[in-house]
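Chemist: So that we are looking at the same thing, I have put the structure below in structure tokens.
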Amino acid sequence: MGTVTIGVSISVPEPHGSLLQARRAGFGDAAAHGIPTHVTLLPPTEVDSAALPAIDAHLVEVATAGRPFPMRLSGTGTFRPVSPVVFVKIVEGAEACTWLQKQVRDASGPVARELLFPYHPHVTVAHSIDEEAMDRAFAELADYEADWPCTGFALYEQGADAVWRKLREYTFGAAVVPPQAAHVERGPLPAR
């Protein structure tokens, strides 16, 4: 059956996803239109295509154990000089992303793997472009802000054309009950 290249990530929803993708393209990142705006949970990983059903079952388990959480982006950061990347920082939700990626890459699971660098959740806005464009991305998005409730993640496959396409979305297993809904009106309490 051969191999396929997959990735697991949290999609950045609209309108934020398209805006950041357009900005990434505007900075001269040729890969921008083939990569939906995301937070990586599993970086590009080559797997045997026969393993996809087991990977899907594993991701269902991870999603079932996950819970919705607030995600907030604010400002920019960079991995330069170690890696030629400028990104938008995750200022809320990073701990949940870190937990999720550990579950996805669990040593007993079908996509267990080591990372080249320590995990640092982020949203890439420039990668492997000239230094001047990297500086521009860093400066122009320094005031960028976005937030949304993260309710799941998705499995992607990279095509022969280098475009990443969503194979399946995984919704977290339990909704969070808002604090105000947890209290049920039952009438007056009896006198003691």
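Chemist: Within the stretch 61-82, how many residues are over 30 Å from Ala133 (Cβ atoms), surrounded by 14 or more Cβ atoms within 10 Å (Cβ to Cβ) and of a type outside the set (D, E, K, R)?
Modeler: Number satisfying all stated conditions: 5.
Chemist: Using beta carbons and a limit of 8 Å, which pairs, at least six apart or on different chains, have the first residue in the stretch 134-146 and farther than 24 Å from Val82 by Cα and the second one among the charged types (D, E, K, R)?
Modeler: Close Cβ pairs satisfying both conditions: Glu145/Arg72; Ala146/Arg72.
Chemist: Here's a follow-up. Which of (1) closer than 16 Å to Ile10 by Cα; (2) touching a residue at least 40 places away in the same chain (Cβ under 8 Å); (3) assigned to a helix (DSSP H, G or I) does His58 not meet, given it meets every other one?
Modeler: Here His58 meets the rest and fails (1).
Chemist: Here is a further query. Taking Val86, is it crowded, with 16+ Cβ neighbours inside 10 Å and assigned to a loop (DSSP other than H, G, I, E, B)? It would help to see each step written out before you state the result.
Modeler: Numbers: crowded, with 16+ Cβ neighbours inside 10 Å: yes; assigned to a loop (DSSP other than H, G, I, E, B): no.
Answer is no for this residue.
Chemist: Run Gln21 past the list (1) in contact (Cβ under 8 Å) with a residue 24 or more places away in the chain; (2) surrounded by fewer than 21 Cβ atoms within 10 Å (Cβ to Cβ) and report the number of the one that doesn't hold.
Modeler: Of the numbered conditions (1) in contact (Cβ under 8 Å) with a residue 24 or more places away in the chain; (2) surrounded by fewer than 21 Cβ atoms within 10 Å (Cβ to Cβ), the odd one out for Gln21 is (1).
Chemist: Restricting the stretch 1-24 to residues that are among the small types (Gly, Ala, Ser) and over 18 Å from Phe153 (Cβ atoms), which is modelled with the lowest pLDDT?
Modeler: Just the residues of the stretch 1-24 that are among the small types (Gly, Ala, Ser), to begin with: 2, 7, 9, 11, 17-18, 22.
Of the ones still in play, those that are also over 18 Å from Phe153 (Cβ atoms) are 2, 18, 22.
Values: Gly2: 92, Ser18: 96, Ala22: 97.
Taking the candidates together, the pick is Gly2.
Chemist: Every residue in the stretch 111-153 that is among the polar types (S, T, N, Q), part of a loop (DSSP other than H, G, I, E, B) and under 22 Å from Gly34 (Cα atoms), please. Explain how you work it out, then say what you get.
Modeler: Step one: filter the stretch 111-153 for residues among the polar types (S, T, N, Q), giving 124, 128, 151.
Retained after the next criterion (residues that are part of a loop (DSSP other than H, G, I, E, B)): 128, 151.
Hit for the stretch 111-153 is Ser128, nothing else.
Chemist: Checking Ser108 against (1) in contact with a His (Cβ under 7 Å, 6 or more places away or on another chain); (2) outside any strand (DSSP E or B): exactly one of these is not met. Which one?
Modeler: Here Ser108 clears every test but (1).
Chemist: Looking at the stretch 77-95, is at least one residue at pLDDT 95 or above, of a type in the set (Phe, Trp, Tyr) and closer than 20 Å to Gly152 by Cα?
Modeler: For the stretch 77-95, residues at pLDDT 95 or above, of a type in the set (Phe, Trp, Tyr) and closer than 20 Å to Gly152 by Cα: absent.
Chemist: Given (1) modelled with pLDDT of 95 or more; (2) outside any loop (DSSP other than H, G, I, E, B), where does Gly28 come up short, assuming only one miss?
Modeler: It is condition (2) that Gly28 fails.
The values are calculated or read from the model by the stated rules, or taken from the named source; none is laboratory data. Bear in mind the structure is a predicted one, so any value in this text is a computation, not a measurement. In this analysis, Cβ positions are derived from the backbone assuming ideal geometry, glycine residues included, and neighbour counts consider all displayed protein chains.
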